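Report on the following structure.
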Amino acid sequence: MGENEKENQKNSKFITVNDTNKYNEKKVKNKSGFGKTVLLPFFSGVVGCALVIGTCFGVPSIRSAIIDDSESSLSNTSNNNNQNSGYVSQIALSNYSDTAVYAANKILPSIVGIKVEYTVNNPIMAMFGQTSTSNATATGSGIIISEDGYILTNNHVISTGSDDISNSDSYYQISEANKITVTLFGDTTEYEASIVGKDEETDLAVIKIDKTGLTKAEFADSDSIKVGEFAMAVGNPVGMDSTVTCGIVSAVNREVTDSDGKKYTLIQTDAAINSGNSGGALVNSEGKVIGINTLKLSGTGIEGIGFAIPINSTTDITSQLIEYSKVKRPYIGITGMDLSEDLAKANNLVVGVYVKSVEDFSSAEKAGIKPGDVIIEADGTKVTTMDDLNKIKNSHKIGDEMKIKVNRDGQERELTVTLGEQP
């Protein structure tokens with residue numbers, strides 16, 4: 001073999017037979033080293049971890065801590081994701097249920113059922129010689145406002161036109177209540193009630209039973225309620241004693257006109273209010289009264305629109321009904337009508353309240369107001385309707401002075417009216 005060939009074999013990349021055995025020996029040695037340095041520690045770690053986890057979950061306190069931390073971490077992550085994506089985090093229904101249970105237990109002992117007995121007369125039947133009178137009953141609800149038996153309710157519950165009777169049929173003549181009885185929560189005894197005072201304008205009334213130790217309802221601040229907050233209506237709908245229905249406050253300061261043309265500023269709710277609920281309570285999540293259930297809208301396509309008188313607006317009325325058996329209101333002493341632009345223009349007058357008549361010896365007469373005057377301002381505020389005038393008047397007390405500006409024969413005059421007491 002030449003020197004060149006020997007040199008080529010030295011530099012060759014191929015392995016000879018003898019070299020191959022040496023190479024295999026190196027591979028075996030390398031495998032053995034990998035098992036000792038990598039695999040054995042790995043499997044030891046797995047076994048150790050299993051023992052530690054098993055021990056931790058075998059001890060309840062450790063297990064709870066691990067699970068709680070995990071859930072807390074998951075919740076935080078979820079909340080962060082919700083904040084970023086605009087979704088609202090879920091709330092357990094048990095919280096809502098607990099709120100309703102608490103509110104119901106708080107208010108139910110302060111809610112009463114009211115039964116009214118009256119006489120219905122049908123003159124048309126009398127014309128044909130048939131029996132024209134019959135006895136009837138109606139039901140409603142009330143709120144205990146003192147431990148010694150005073151109860152607040154709606155005027156229409158205890159007067160002509162209760163929840164169960166409609167006055168739309170004018171040929172029916174319905175008497176005033178012949179008898180009023182009250183049933184307390186958890187007590188089947190009927191307690192006869194007397195009328196302390198009632199007010200048609202606000203649809204409020206106070207009755208009283210001869211019993212002490214009653215559970216007085218707590219009042220909330222109805223001026224601070226917000227749209228969307230929890231609301232529960234409590235009463236005796238269709239004779240079903242102590243019924244509660246839940247919803248929310250749908251609107252506040254809602255202007256509503258009833259079937260008789262009276263205007264009210266009320267709380268709107270979607271909590272179900274039915275016949276017999278009138279006079280009962282609308283309460284907040286603390287079981288405190290925010291309103292008195294009074295009206296509901298009904299008809300095709302109408303669902304869940306009920307109204308309550310804000311409780312803050314009842315406190316002065318209630319006090320006067322208990323003290324005077326009526327509400328003392330300031331009084332001007334005129335009858336008037338609204339003058340719209342078209343009506344005013346057609347009669348060569350100005351927009352405002354047209355004075356049709358002035359009562360003898362009234363505040364209006366003493367101040368110099370005359371029939372034919374058009375009232376255009378009261379206390380510096382523009383007046384276009386009788387409602388405008390009455391709102392300003394009712395902000396005063398009896399004996400207060402009220403500045404009235406009238407238009408008479410095209411000339412404006414300012415008069416001072418000293419408000420008297422409404423007869």
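Since Tyr354 meets every condition but one in (1) surrounded by 14 or more Cβ atoms within 10 Å (Cβ to Cβ); (2) hydroxyl-bearing (Ser, Thr, Tyr); (3) within 19 Å of Gly420 (Cα to Cα), which condition does it not meet?
Exception for Tyr354: condition (3).
When you look at Thr181, is it among the β-branched types (Val, Ile, Thr), assigned to a loop (DSSP other than H, G, I, E, B) and at pLDDT 85 or above, yes or no?
No: the conditions fail for Thr181.
Here are some residues: Ile311, Ile322, Ile317, Ile332. Which one is among the aliphatic types (A, V, I, L, M) and surrounded by fewer than 18 Cβ atoms within 10 Å (Cβ to Cβ)?
On inspection, the qualifying residue turns out to be Ile322.
Of these, Val283, Val289, Val244, which one is within 22 Å of Ile180 (Cβ to Cβ) and in contact with a helix residue (DSSP H, G or I) (Cβ under 6 Å, 6 or more places away or on another chain)?
Just a single option satisfies the conditions, and that option is Val289.
Out of the residues in the range 397-423 that are acidic (Asp, Glu) and over 12 Å from Ile369 (Cβ atoms), which is surrounded by the fewest Cβ atoms within 10 Å (Cβ to Cβ)?
Asp409
Is it true that Ala231 is closer than 14 Å to Ala103 by Cβ, of a type in the set (Gly, Ala, Ser) and in a loop (DSSP other than H, G, I, E, B)?
no
Which one of the conditions (1) farther than 20 Å from Asn347 by Cα; (2) modelled with pLDDT of 95 or more does Lys405 fail to meet, given that it meets all the rest?
(1)
Could you count how many residues in the range 285-306 are among the basic types (Lys, Arg) and out of contact with any strand residue (DSSP E or B) (no Cβ under 7 Å at 6 or more places or on another chain)?
Counting residues in the range 285-306 that are among the basic types (Lys, Arg) and out of contact with any strand residue (DSSP E or B) (no Cβ under 7 Å at 6 or more places or on another chain) gives 0.
I'd like to check something: does the range 237-255 contain any residue that is outside any strand (DSSP E or B), within 15 Å of Leu152 (Cα to Cα) and out of contact with any strand residue (DSSP E or B) (no Cβ under 6 Å at 6 or more places or on another chain)?
Within the range 237-255 (the criterion being outside any strand (DSSP E or B), within 15 Å of Leu152 (Cα to Cα) and out of contact with any strand residue (DSSP E or B) (no Cβ under 6 Å at 6 or more places or on another chain)), the answer is no, since none of the residues qualifies.
Would you pick out the residues in the range 202-226 that are among the aliphatic types (A, V, I, L, M) and either within 16 Å of the chain's Cα centre (by Cα) or outside any loop (DSSP other than H, G, I, E, B) (or both)?
Leu204, Ala205, Val206, Ile207, Ile209, Ala220, Ile225
Can you tell me which residue in the range 363-384 is nearest to Leu339 (Cα to Cα), limited to those that are assigned to a loop (DSSP other than H, G, I, E, B) and among the hydrophobic types (A, V, I, L, M, F, W, C)?
In this case the residue turns out to be Val383.
Out of all the residues in the range 179-189, which are surrounded by 14 or more Cβ atoms within 10 Å (Cβ to Cβ) and not aromatic (Phe, Trp, Tyr)?
Ile180, Thr181, Val182, Thr183, Leu184
Regarding Leu282, is this residue among the aliphatic types (A, V, I, L, M) and farther than 28 Å from Tyr191 by Cβ?
When the stated conditions are applied, Leu282 does not pass them.
Let me confirm something: among Glu255, Glu286, which residue is farther than 23 Å from Asp199 by Cβ and open to solvent by 50 Å² or more (accessible area, probe 1.4 Å)?
Matching residue, one of Glu255, Glu286: Glu286.
Out of Asp360, Asp387, I need the residue that is of a type in the set (D, E, K, R) and either buried (at least 19 other Cβ atoms within 10 Å of the Cβ) or not in a loop (DSSP other than H, G, I, E, B) (or both). Which one?
From the options Asp360, Asp387, the qualifying one is Asp387.
Determine which single condition Asn394 fails, assuming it passes every other condition in (1) buried (at least 18 other Cβ atoms within 10 Å of the Cβ); (2) touching a residue at least 60 places away in the same chain (Cβ under 8 Å).
(1)
The values are calculated or read from the model by the stated rules, or taken from the named source; none is laboratory data. Just so we're clear, the structure is a prediction, and the values are computed from it rather than from any experiment. We place every Cβ from the backbone using ideal geometry, glycine too, and count neighbours over all the protein chains shown. In case anyone asks, the SASA skips ligands and DNA or RNA and just uses the protein heavy atoms, side chains included. Shrake-Rupley method; radii C 1.70, N 1.55, O 1.52, S 1.80 Å.
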